[in-house]
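The values are calculated or read from the model by the stated rules, or taken from the named source; none is laboratory data. Note that the coordinates shown come from a computational prediction; the quantities given were computed from them, not determined experimentally. Cβ: placed from backbone, ideal geometry, glycine included. Neighbour counts: every protein chain shown. Each accessible area value is taken on the protein alone, full model and side chains, heavy atoms only, with ligands, DNA and RNA left out. Shrake-Rupley method; radii C 1.70, N 1.55, O 1.52, S 1.80 Å.
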Amino acid sequence: MRGVIEELDADGMGVLKAGRREIHIPFTSPGDVVEVKRWRRRKRKLIAVDFEVVQPSDERVEPRCPHFGTCGGCLLQHLPYGRQIEFKEDKLSRILGMSVNVKPSPVIYGHRNRIDVVISTKGIGFRKRGTWWDVVDIEECPVFGKTSAKVLSSLREFIGDHKPGLYEIEKNEGFLRYIVMREGKFTGELMVNLVTSEGTLPEDFPSYFDYADSIYWSVNRTKSDVSYGEIEKFWKSEFIRERLGDVVYLIHPNSFFQTNSHSAVILLEEVSKRVDGERVLDLYSGVGTFGVYLAKRGLNVEGIEANPFAIEMANRNVEINGVDATFRVGSDRDVGDLSGYDTVVLDPPRSGLHPKLIKKILKDKPKSIVYVSCNPNTLAENLGKLSEGYSVEDAVGIDMFPHTPHVETVVKLKLKV
């Protein structure tokens with residue numbers, strides 16, 4: 001089947017219309033002439049799995065990564081960055097039913113401060129797009145930066161010297177499973193975390209990464225294919241630091257942090273400018289990314305988060321920044337009286353707000369809400385329910401994830417009077 005790509009879907013794949021059918025084709029651009037040889041149905045979509053771009057669109061640019069088109073990490077490197085922003089603006093405007101401008105990332109390569117690299121018998125790298133069992137072997141990841149080449153070279157040297165067992169994905173067996181890199185883009189500090197199954201790690205492992213500021217060995221004692229585990233041992237510093245604006249954050253292997261430090265600065269500024277009043281609740285606070293930043297600006301901040309370890313990290317971030325803020329463990333289903341807060345900052349998981357929390361907000365009527373979302377679909381659903389008591393004052397997108405279809409959104413809501 002041959003035809004012209006007419007548009008991109010919300011997932012960043014080209015759409016080829018063939019009669020009543022639509023075939024969704026990764027790594028393509030509007031204007032590409034493509035020939036599709038085979039496709040399969042996945043989640044009610046027809047996804048091309050064997051195709052060729054026979055005549056490229058004039059819009060395309062040369063991807064920087066040599067693995068583009070096979071690696072599942074980036075989908076849009078073949079589009080000019082300005083076109084990526086337009087795509088995200090169109091996507092948000094269509095889903096949310098309002099015009100939304102997207103602020104671009106100041107850096108579009110070397111911007112990611114974390115990557116999770118599979119160590120397997122198939123290769124050391126990332127999953128091939130559309131598979132769980134195969135790996136694209138890489139030497140460097142351009143979206144993380146040059147440090148990735150150094151770490152992966154050291155890892156291969158360690159493997160060559162010691163011949164440890166590598167992960168066999170299809171059998172779910174093997175000792176070495178992941179190496180996770182985290183880097184403070186504004187501090188230059190580097191953390192290397194080796195994730196293994198149960199076993200014995202050679203004693204000289206840290207010597208291969210002596211340039212790192214923090215070196216960890218984590219053990220995944222489950223059958224789950226995840227890139228984290230219980231901390232077995234660490235060398236050098238327990239944490240690395242990242243600086244966003246005038247705030248320093250501690251980063252630990254098992255704590256979440258915004259993955260694009262450059263855009264995270266913009267995200268914090270956009271949230272801060274939408275906060276009204278003095279008393280702020282930072283709900284789903286995580287490690288205090290928003291709350292500590294707002295407390296640094298003299299606001300009275302309380303934070304609530306279900307993960308006890310995240311709260312421990314938030315309180316450490318309070319201490320090292322010398323701010324006055326309180327963070328505690330709590331559920332989004334039982335947050336107490338919200339009526340006394342001037343602003344509630346919400347940064348829920350992709351699934352959105354719990355229905356009980358929405359009812360609680362509508363009942364208690366805090367004066368304003370700043371809603372931060374990484375999923376425009378659940379955001380749109382939640383805004384529809386909150387519209388019973390709140391009106392949207394404005395919204396802005398922030399591109400935290402260049403070369404992917406994902407986009408972060410900040411929405412300001414005001415209590416209706």
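Taking amide H as placed 1.01 Å from N in the peptide plane, M400 has its amide H under 5 Å from the amide H of E408, each at least 5 places away in sequence or on another chain. Once a ≥ b ≥ c are taken as the square roots of the eigenvalues of the Cα gyration tensor of the chain, is the result rounded (a/c under 1.5), prolate (a/b larger than b/c) or oblate (a/b not larger than b/c)? Oblate shape, in that a/c is at least 1.5 and b/c is the bigger or equal ratio.
So, with +1 on the Cβ of K and R and -1 on the Cβ of D and E, and no other charges, what is the size of the charge dipole of region 197-312 about its Cα centre, to the nearest 20 debye? Present the calculation step by step, with values, prior to reporting the outcome.
On the way: 11 positive and 19 negative charges, 64 e Å.
The dipole magnitude comes to about 300 debye.
If you take the beta carbon distance between Y211 and S351 as r and set R0 to 56 Å, what does 1/(1 + (r/R0)^6) give as a FRET efficiency, to the nearest 0.05?
Values: r = 39 Å, r/R0 = 0.70.
The pair Y211/S351 has a calculated efficiency of 0.90.
Between the C-alpha center of region 233-298 and that of region 61-88 there is a gap of 28 Å.
Multiply the residue separation of K17 and V248 by 0.36 nm, subtract the distance between their alpha-carbon atoms, and state the gained length in nm to one decimal. Don't skip to the end; give the middle numbers.
Values: separation 231, 0.36 × 231 = 83.16 nm, distance 4.98 nm.
Here the segment from K17 to V248 would lengthen by 78.2 nm.
Ordered by solvent-accessible area of protein heavy atoms (1.4 Å probe), largest first, the residues V107, V329, V271 come out as V329, V107, V271. Quick one: go through region 143-184 and flag any residue whose amide nitrogen is under 18 Å from the point 7 Å out along the Cα-to-Cβ line of E62. It comes to 143, nothing else.
Taking 0.36 nm per intervening residue step and subtracting the Cα-Cα distance, what contour gain separates D337 from D50 on full extension?
Values: separation 287, 0.36 × 287 = 103.32 nm, distance 5.54 nm.
My answer for the length gained is 97.8 nm.
In order along region 61-71, phi translates into HN-Hα couplings of 10, 7, x, 6, 7, x, 9, 4, x, 10, 5 Hz, rounded to whole numbers, per the Karplus curve 6.51 cos²θ - 1.76 cosθ + 1.60 with θ = phi - 60° and x for Gly and Pro. For GluC sites (Glu not before Pro), the sites in region 10-68 that DSSP calls loop and that have at most 13 other Cβ atoms within 10 Å are E59. Among the trypsin sites (Lys or Arg not before Pro) found in region 11-43, those both in a DSSP coil and sparsely packed, with 11 or fewer other Cβ atoms within 10 Å of their Cβ, are R20, K43.
Taking a threshold of 18 Å on the Cα-Cα distance, which of the pairs K88/K273; K359/K416; K128/K185; K17/K45; K359/K414 fall above it?
Details: K88/K273 22 Å; K359/K416 16 Å; K128/K185 27 Å; K17/K45 12 Å; K359/K414 16 Å.
K88/K273; K128/K185, as the Cα separations exceed 18 Å there.
Could you list the trypsin sites (Lys or Arg not before Pro) in region 123-185 that lie in coil according to DSSP, counting only those with at most 12 other Cβ atoms within 10 Å of their Cβ?
Numbers: sites: R127, K128, R129, K146, K150, R156, K171, R177, R182, K185; in loops: R129, K146, K171, K185.
For trypsin sites (Lys or Arg not before Pro) across region 123-185 that sit outside H, G, I, E and B with at most 12 neighbouring Cβ atoms in 10 Å, the list reads K146, K171.
Between G130, G277, G19, the Gaussian network model of the chain with springs among Cα atoms under 10 angstrom shows the greatest mean-square fluctuation at G19. Expressed to the nearest 5 percent, the antiparallel share of DSSP beta bridges inside the chain is 70 percent.
Does region 17-98 come out rounded, prolate or oblate by the C-alpha gyration tensor, with a ≥ b ≥ c the root eigenvalues, rounded set by a/c under 1.5 and, if not, prolate when a/b is larger than b/c and oblate if not? Oblate, because a/c is 1.5 or more while a/b does not exceed b/c. Protection proxy ranking of 279-288, 70-79, by the mean of other Cβ atoms within 10 Å over each peptide's residues and highest first, is 279-288, 70-79. Full extension of the chain between D225 and K365 gives 46.2 nm of extra length, using 0.36 nm per residue less the Cα-Cα distance.
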